[in-house]
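Novice: Handing you this structure, nothing more for now.
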Amino acid sequence: MNSTDGQPESPAPGDGKIARWAVIAVLCAFLVGAGALGYLGWFSTTTEVPASGYVALVLGVVFSLVVGIGLMALVFYSSRKGYDEPAVLIREPENDSDEDGVSAGSGPPTEPTERAH
């Protein structure tokens with residue numbers, strides 16, 4: 001099973017072909033089944049769909065496409081601009097200046113005072 005250097009052996013070139021074709025066949029069967037159910041559902045009734053129903057159908061499809069395309073564009077934009085990088089804490093400098101312009105750390109060291117709670 002394992003080669004002498006501790007790494008697993010790579011599979012033979014033809015090992016995954018049957019599994020790959022089986023997955024493709026199952027997905028194609030699902031597609032044909034969904035198409036058959038859609039056809040039967042669409043044409044099995046004698047009820048007429050008014051023009052407003054077709055307008056609503058088209059508007060729903062267009063709106064869904066606009067939202068999907070817009071969200072994908074935002075994903076690509078944020079990825080390209082670096083907004084997807086992990087957050088980094090940027091610390092402020094510790095030596096703050098007083099109101100009169102003298103920095104807090106310029107004088108002699110003082111003892112810390114206790115705060116009343």
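Novice: Looking at Val55, is it farther than 30 Å from Asp84 by Cα, β-branched (Val, Ile, Thr) and in a helix (DSSP H, G or I)?
Specialist: Working: farther than 30 Å from Asp84 by Cα: yes; β-branched (Val, Ile, Thr): yes; in a helix (DSSP H, G or I): yes.
Taking the combined requirement at face value, the residue satisfies it.
Novice: From the residues in the stretch 1-52 that are surrounded by 10 or more Cβ atoms within 10 Å (Cβ to Cβ) and over 33 Å from the mean Cα position of the chain (by Cα), which one is modelled with the lowest pLDDT?
Specialist: Across the stretch 1-52, the extreme among qualifying residues is Val49.
The values are calculated or read from the model by the stated rules, or taken from the named source; none is laboratory data. Since this is a predicted model, take the numbers as computed values, not measurements. Cβ sites come from the backbone with ideal geometry, for glycine too, and all protein chains shown count toward neighbours.
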